[in-house]
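Asker: First, the structure itself, so that you have it in front of you.
The values are calculated or read from the model by the stated rules, or taken from the named source; none is laboratory data. What you see is a predicted model, and the numbers here were worked out from it, not measured in a lab. Reconstructed Cβ throughout: ideal geometry from the backbone, glycine too, with neighbour counts over all protein chains shown. Keep in mind that these areas ignore ligands, DNA and RNA; they rest on the heavy atoms of the full protein, side chains included. Shrake-Rupley method; radii C 1.70, N 1.55, O 1.52, S 1.80 Å.
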Amino acid sequence: MGNTDRRRPYLRIADDIRREIAAGRYAVGEQLPVARELADKYGVAMMTIGNALAVLRDEGLIETRQGSGSFVIGTPENGDDHQAATEEHSEEFLLLSQQLREIREHVQKLSFRLDELDARTHPDQPER
């Protein structure tokens, strides 16, 4: 199926890490390699790794602790039942839910950026 290669790199990386978590390569409680290391491993920008980790965070598989990296907190089996449920779904359904997830992330990122811009353009405003 050629369509997997058309997906965004961060989705492929998220899939790869998810598979490694499922396979027990990274156990619950274990720390993932740091972003810089992952960026080198996959040959992508740090931002791409950030996006991949965000997908796994949304799925409840990892948590990122400020200053100490990302840790596995769940597996695809117990972390999220949707993984098991997707098996019976059509290719079209999977594609649509993937796109929906991307859109949701994109909107989230844009709203963060807007908040940042807002904070920079109105530094005198008290935090809302």
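Asker: Roughly to the nearest percent, how much of the accessible area of region 1-60 is carbon and sulfur, given a 1.4 Å probe?
Answerer: In region 1-60, the share of accessible area belonging to carbon and sulfur is 51 percent.
Asker: I need the peptides 111-119, 45-53 ranked by packing, meaning the mean over residues of other C-beta atoms within 10 angstrom, with the highest value on top.
Answerer: Ranking, from highest mean packing down: 45-53, 111-119.
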